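This report concerns only the one structure given below.
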Amino acid sequence: MIGKLVNGIIHGETRSIARAISWIENDVPQKEELIDALFEHTGRAQVIGITGPPGSGKSSLLDRIIEQERKRDKKIAVLAIDPSSPFTGGAILGDRLRMQKHTVDAGVFIRSMASRGHLGGVAGATSDSVKVLDAAGFDLIVIETIGVGQTEIEVMNIADLVMLVLVPGLGDEIQALKAGVMEIGDIFVVNKADKEEANRLKAEIEYVLHLKSEDEKGVKSPIFMTSATENTGIEELVNGLHEYMQRMGENGTLRERRRRRVTLELKKIITAKIEAHVHKFLETGNNLDVWIDQILRKKTSPYKLINEKVIQILKELKEK
Amino acid sequence: MSRKIRILISKPGLDGHDRGAKYIARALKDAGYEVIYMGIRQSPEAIVKTAIQEDVDFVGLSLLSGAHNELFPEVVRLLREQGANDVIVFGGGVIPQEDISFLKEQGIEAIFTPGTPIQKVIEFIETNKERVLH
């Protein structure tokens, strides 16, 4: 079963790619084997994150970017993330509505993804899904985050490059953005540049970037003015994107980022694995209520209780 | 492991009345499903390509223009042609009673006409979802 799926994916078959992403989203038991089998086929694609506040035009802009990249004969995959309801777990996934002219283009694959409770602006399944798309031979993989506020910055740990899309009219709220998401942008886009105040926003971004570049070396972040609806500034943006990516490759930034990505991934896997083993060993599911009662009756305290359990685990390990 | 049911909601053909489709999309979201909303004026080909990329379990088609006897079966036919045999198709809209048995023969498994309580649609999905769990 896995062999067939892997074969389908590396031959770029849509149904195999789509099913593999579902496996990852649903966290099926065969997921790890699948990702491991694809591993040798990954590492070729460029991965770009597009992020910004809700309604800033990320999907519409992406639609235009796809248009440009298709003219250059690039194969493109999109993971478009929208939020899941915290109450029902349901979701309305509507990003692809803005990218409809590419629906029947065989060189474009678009997948909507619900966040399923994952915080950080992407879904828990996003980073492994990127590997599937990479192995499937897409030249460019674009992650469109949910509409973000200040701290949804996880896309920076998945993408090679982050494009931050801002719009005029948020007024003083730009101040609030400065501390969080403003820091993860490699490329800045002022979308809806046909609106008044677009130039003021650009000046504000320049000001923030100027402050940043004073205490930091590295590649200077460009700012692009676009209008997705008027289709202006798109070619410049796409050219700039590729130039920036090339410079990142030349000055070692890309290598550094990919290294950091593997570091974070390993730490995440270690944590998850250890957690699962510990819960199994301690039979947390069965014992949790008993522990809670002990604490509420002041028989023990949280740190004391868990430290005792940890010592128990370490002893067991030594004996083995 | 946490399996979620994914449903594509779309309007094939040249009918711009999307209130019903949006209402269904919203109600299905509230019922806990992941709804991919594709909107109006879609070709059967685009619907099927989207259904496959999104790996959906159900496709819900809404139509008020009268072209349901052509467009609904075409979606089913293209899905099967593409090997998506497990995707369940249902429909809704202004559909005359006498067309319903024809549509069911063509593989549209349920038709919900105006005034159907949303609970009926949810029941249909709940009853049939075991078939698509893979």
Any hit, segment B:40-55, residues being crowded, with 23+ Cβ neighbours inside 10 Å, more than 7 Å from chain A (Cβ to nearest Cβ), touching a helix residue (DSSP H, G or I) at 6+ places or on another chain (Cβ under 6 Å) and aliphatic (A, V, I, L, M): yes
I'm trying to understand the selection: among the residues of segment B:2-20, which are outside any loop (DSSP other than H, G, I, E, B), more than 14 Å from chain A (Cβ to nearest Cβ) and more than 18 Å from B:Y33 (Cβ to Cβ)? B:R19
Considering only segment A:114-140, state which residues are within 14 Å of another protein chain (Cβ to nearest Cβ), within 11 Å of the chain's Cα centre (by Cα) and within 18 Å of A:Q46 (Cβ to Cβ). A:S129
Going by the conditions given, is A:E32 within 14 Å of another protein chain (Cβ to nearest Cβ), farther than 17 Å from A:A123 by Cβ and either assigned to a loop (DSSP other than H, G, I, E, B) or of a type outside the set (V, I, T) (or both)? yes
Listed by first then second residue, the pairs whose first member lies in segment B:119-134 and is over 16 Å from B:V35 (Cα atoms), whose partner is among the aliphatic types (A, V, I, L, M) and surrounded by 12 or more Cβ atoms within 10 Å (Cβ to Cβ), with beta carbons under 6 Å and at least 6 positions apart or on separate chains, are B:N128/B:I88
Residues of segment A:270-297 satisfying the condition of being among the charged types (D, E, K, R), over 17 Å from A:Q312 (Cα atoms) and under 34 Å from the mean Cα position of the chain (by Cα): A:K273
Counting only residues that are under 23 Å from A:P53 (Cβ atoms) and in a loop (DSSP other than H, G, I, E, B), how many does segment A:105-142 have? 10
Residue within segment B:61-71 that is surrounded by fewer than 22 Cβ atoms within 10 Å (Cβ to Cβ), within 14 Å of chain A (Cβ to nearest Cβ) and either touching a Pro at 6+ places or on another chain (Cβ under 6 Å) or in contact (Cβ under 8 Å) with a residue 24 or more places away in the chain (or both) present: no
Apart from one, (1) on the phi < 0 side of the Ramachandran plot; (2) modelled with pLDDT under 90 all hold for A:G171; the odd one out is (1)
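The values are calculated or read from the model by the stated rules, or taken from the named source; none is laboratory data. Remember, it's a predicted structure, so these values are computed and weren't measured experimentally. Virtual Cβ from ideal backbone geometry, glycine too; neighbours counted across all protein chains shown.
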